[in-house]
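What follows is a short report on a single structure.
Each reported figure results from applying straightforward, stated rules to the coordinates on display, with no laboratory input. This is a predicted model, so every value here is computed, not measured. Every residue, glycine as well, gets a Cβ built from its backbone with ideal geometry; the counts of neighbours run over all protein chains shown.
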Amino acid sequence: MSPFEIIMLLCFGAAWPFSIYRSWNSCSTSGKSLGFLFIILTGYIAGLLHKLFYLNDLVIILYILNTIMVSVDILLYFRNKTFEKSQQAL
């Protein structure tokens, strides 16, 4: 278990609740990149799979939490995109 890996995941993980909060309240996709979110999600999934197959330790919990938070942000992106389209139709 690397302390540097833990610090990295904690730092990245600390940013996602703010991003989710902003997505939830703004009801807008402004400033969001779906491609970027999927790249980040892919990285977390790769880290998670590495932990599952090669080095199973408790850091896997941080990968799971970060993966969930990015997934929530992606779902909010699609919710906000739908909201924006409905606003344009008015």
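Points to keep in mind about this one:
- Of the peptides 25-33, 65-73, the ranking by mean beta-carbon count within 10 Å, highest at the top, reads 65-73, 25-33.
- Value of relative contact order over the chain, rounded to a whole percent, pairs C-alpha under 8 Å and six or more apart: 46 percent
- Cβ-based net charge around residue 35, under 14 Å, with every Lys or Arg adding one and every Asp or Glu removing one: +1
- Charge dipole of the chain about the Cα centre (unit charges at C-beta), most positive-ward option of 16, 3, 54: 16
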